[in-house]
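What follows is calculated from the coordinates using simple rules that are stated; it is not laboratory data. Keep in mind that what you see is a predicted model, and the values were worked out from it rather than measured. Ideal geometry is used to build each Cβ from the backbone, glycine not excepted, and the neighbour counts take in all protein chains shown.
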Amino acid sequence: MEVDRGAMDCAVDAQSLISMSLMKIHSSRTQRGGIKLHKNLLVSYVLRNARQLYIREKYAEIYRMQQYEEVMAVCSGIQELEPLEPLEPLEPQGAEDAEPEQPGRAAGCGDESRAAGGREPPEPPYYRSCCMEDQFSQNCNKTTVLDLDTHVVTTVENGFLHQDCCCAAAAAPQCAPGAAARKRKVDSAGCSPDAEEPSDYTAGRKRLKREECSGADASNISNLISIFGSGFSGLLSRQADLEQVCSKQALASLGAWTRAIVAF
Amino acid sequence: MEEESDTRKINNSFLRDHNYATEADIISTVEFNSTGELLATGDKGGRVVVFQREQESKTQPHRRGEYNVYSTFQSHEPEFDYLKSLEIEEKINKIKWLPQQNAAYFLLSTNDKTVKLWKISERDKRPEGYNLKDEDGRFRDPSTITTLRVPVLQPMDLMVEATARRVFSNAHTYHINSISVNSDLQTFISTDDLRVNLWNLEITDRSFNIVDIKPANMEELTEVITSAEFHPQQCHTFAYSSSKGSIRLCDMRQAALCDKHCKYFEEPEDPSTRSFFSEIISSISDVKFSHNGRYLMTRDYLTVKVWDLQMENKPLETYQVHDYLRGKLCSLYENDCIFDKFECVWNGSDSVIMTGSYNNFFRMFDRNTKRDVTLEASRENSKPRAILKPRKVCVGGKRRKDEISVDSLDFSKKILHTTWHPHENIIAVAATNNLYIFQDKVN
């Protein structure tokens with residue numbers, strides 16, 4: 001989706017649009033007359049558009065950084081034939097949590113395999129790992145996913161959390177073709193566009209967690225992304241740490257809205 | 001209609017002249033009846049005010065009939081849905097008149113959940129001379145009655161009464177956005193976000209669902225119905241618009257459930273104008289058939305489009321209402337103005353279309369001459385019998401005198417509801433809590 005940024009009258013920041021939209025959805029709960037379905041549907045479209053743009057921009061940034069790091073890694077690998085620093089001996093796929101201090105490290109399967117002392121054969125870069133097809137080796141089908149809400153690290157077989165994919169596929173029938181196209185350039189796996197959305201998020205989430213040090217704003221956005229990783233239902237059903245946007249109390253009532261929607 | 005028009009304001013007896021705008025007084029709908037003799041307004045407080053046109057005076061033929069208050073009644077009250085813990089607003093969303101068939105007038109008024117049929121009738125005589133009651137209404141002791149008399153009808157001051165004759169309720173889970181009376185004068189439809197229900201005017205405990213776009217899984221919801229209207233002549237045809245910018249024409253003879261449209265009107269999106277808010281501004285807020293039944297008019301946030309019923313792939317005409325807002329969509333999203341639902345209206349001959357905008361501006365487009373005009377509904381700018389001056393919004397560059405720049409527009413003053421007399425060039429424009437009626441110059 002190409003956004004006509006030039007036409008915007010203010011510095012349209014995907015992040016501010018996301019928080020604005022969430023505020024609107026929240027305040028619609030307390031409006032007289034009940035939740036307006038039409039208005040909330042339109043707000044969810046803005047949310048989706050802002051989210052897509054935010055993900056694309058993040059992804060582009062990650063890709064740029066990734067390329068830079070690969071170049072640096074190759075260079076350093078040529079110069080010194082030592083293996084990379086072993087990571088802390090945590091759970092095999094728990095390396096994510098323990099690496100906040102290694103900003104230069106590429107996240108993902110590649111790291112994990114190295115961190116685990118070669119327990120797994122070298123895997124392709126993390127952003128390929130999700131939704132991988134059978135053409136890749138079995139070992140490469142594992143993906144580590146960090147849930148930013150619960151801080152639980154899970155390994156996912158075949159590259160995607162089944163629930164996430166289905167919800168995203170259902171809630172995002174008009175997946176941005178741009179994002180899908182870009183994914184294909186990097187990833188030779190022939191993923192369906194819908195399935196790529198959650199993989200973007202899981203990959204994005206990993207990277208976002210690593211770059212979280214930039215402060216509250218970034219952590220809020222990364223939490224929001226984790227919500228939308230599950231599509232519309234994710235917005236409604238997850239308990240998210242959105243303290244900057246909504247009070248905890250208001251959030252507790254978001255869950256009620258889920259029930260209200262389902263009840264219709 | 002010429003650019004210069006004689007404007008006559010309503011006398012102040014019913015222009016609500018408050019220093020502050022009470023929420024309840026905000027006009028939420030306006031509608032002329034089929035002869036133009038009556039004009040109804042509904043407000044956020046659930047009240048309906050009906051104006052009647054003065055009979056033209058023989059002694060002052062140059063003075064056109066003015067509209068005066070005819071009847072005021074409380075149509076809907078706030079309610080509470082205990083099952084869902086939701087308050088139901090009393091705001092009148094739509095009023096539709098039934099064509100007059102006898103001395104009384106009938107109209108349908110609706111809030112978010114309930115449609116009511118109101119009968120407005122006059123009483124100018126009252127019976128006097130009862131035997132068992134005296135003039136104060138107290139009962140007389142039968143033993144004191146020595147003679148009998150027949151009560152006679154004596155003239156009295158005209159009294160206009162409104163009574164609710166039917167209440168059509170419990171048929172809508174979502175918020176009703178429109179109602180439309182069928183040309184058969186026996187049925188009408190009420191439409192909410194996901195369903196269209198068909199009613200018989202005589203039967204209140206049953207309605208037929210004729211359109212249902214609710215998905216099995218609400219998480220898959222991608223569009224809602226925004227408005228629906230019956231065809232003015234074909235009693236089996238109706239159209240409904242969606243939040244995705246499409247219109248579907250349905251024929252009730254095809255099937256009981258009209259989920260399959262017989263015509264689908266949609267214009268492909270222009271990818272060069274894509275933005276965060278593309279979905280919002282393409283949502284249709286109003287759909288109206290032309291009086292001759294050959295065209296459809298739709299209003300979305302920035303444009304009005306006229307569609308030929310025979311051509312589905314693109315509109316016949318597109319008119320820019322306030323394209324200068326395209327660059328301000330972000331702030332309009334922030335202050336919620338982007339969700340405003342503007343209505344649009346045809347004139348009696350289908351040659352001119354009209355719709356509202358911000359800053360109390362409203363726009364008219366002449367379909368034949370392709371001329372358009374922007375007028376303003378405000379007390380300061382129009383004195384009684386004064387001619388309305390065309391307004392212009394300056395979009396950039398040097399602002400000329402009398403032009404107003406986009407940044408000085410008052411977005412709290414919006415004209416969402418307008419209506420046009422069915423035969424004459426008389427328009428009624430609702431500006432927040434004020435009603436303006438403008439008439440064409442008398443030759």
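At-a-glance table
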read-out: Overall dimensions of region B:185-236 by Cα: Rg and Dmax, Å; value: 12.9, 38
read-out: Under Karplus coefficients 6.51, -1.76 and 1.60, residue-wise ³J(HN,Hα) of region A:25-36 in Hz, glycine/proline x; value: 4, 5, 6, 5, 5, 9, 5, 5, x, x, 5, 8
read-out: Gain upon complete extension [B:His291, B:Gln154; 0.36 nm per residue less C-alpha separation]; value: 45.0 nm
read-out: Long-range amide H partners of B:Asp251 with built H, under 5 Å; value: B:Cys262
read-out: Mean ellipticity per residue at 222 nm, deg cm²/dmol - from DSSP H runs of n ≥ 4 across chain B, formula -39500 (n - 2.57); value: -500 deg cm²/dmol
read-out: Extension gain (nm, one decimal) between B:Cys235 and B:Arg371, 0.36 nm per residue minus Cα-Cα; value: 45.6 nm
read-out: Charge dipole magnitude, Cβ of K and R +1, D and E -1 - region B:285-416, Cα centre, debye nearest 20; value: 600 debye
read-out: Karplus (6.51, -1.76, 1.60) ³J(HN,Hα), θ = phi - 60°, over region B:25-34, in Hz, Gly and Pro reported as x; value: 8, 5, 6, 10, 6, 9, 7, 7, 7, 6
read-out: Sparse-neighbour loop sites [trypsin sites (Lys or Arg not before Pro); region B:183-282; at most 13 other C-beta within 10 Å; DSSP]; value: B:Arg253, B:Lys260
read-out: Computed FRET value (nearest 0.05) for B:Asp308 with B:Ala24, which takes r as the C-beta separation and R₀ as 60 Å; value: 0.90
read-out: ³J(HN,Hα) computed for each position of region B:227-235 - Karplus, 6.51 cos²θ - 1.76 cosθ + 1.60, integer Hz, glycine/proline x; value: 6, 8, 8, 6, 5, x, 10, 8, 6
read-out: Assigned charges on the beta-carbon of Lys, Arg, Asp, Glu; chain B dipole about Cα centre (debye); value: 980 debye
read-out: Virtual spin-label span in nm between B:Asn170 and B:Phe80, 7 Å along Cα→Cβ; value: 2.0 nm
read-out: Stretchable slack from B:Cys394 to B:Lys119, in nm (0.36 nm times residue separation minus alpha-carbon distance); value: 94.2 nm
read-out: Selected from B:Pro422, B:Pro142, B:Pro99 as most flexible by GNM, with chain B as the system and alpha-carbon contacts under 10 Å; value: B:Pro142
read-out: Residues with amide H under 5 Å from that of B:Leu201, placed H, sequence gap 5 or more; value: B:Thr187, B:Phe188
read-out: Point-charge dipole on Cβ atoms (K/R +1, D/E -1) for region B:194-276, about Cα centre, debye to 20; value: 180 debye
read-out: Under-5 Å amide H pairs with B:Lys113, H placed in peptide plane, nonlocal only; value: B:Ile176
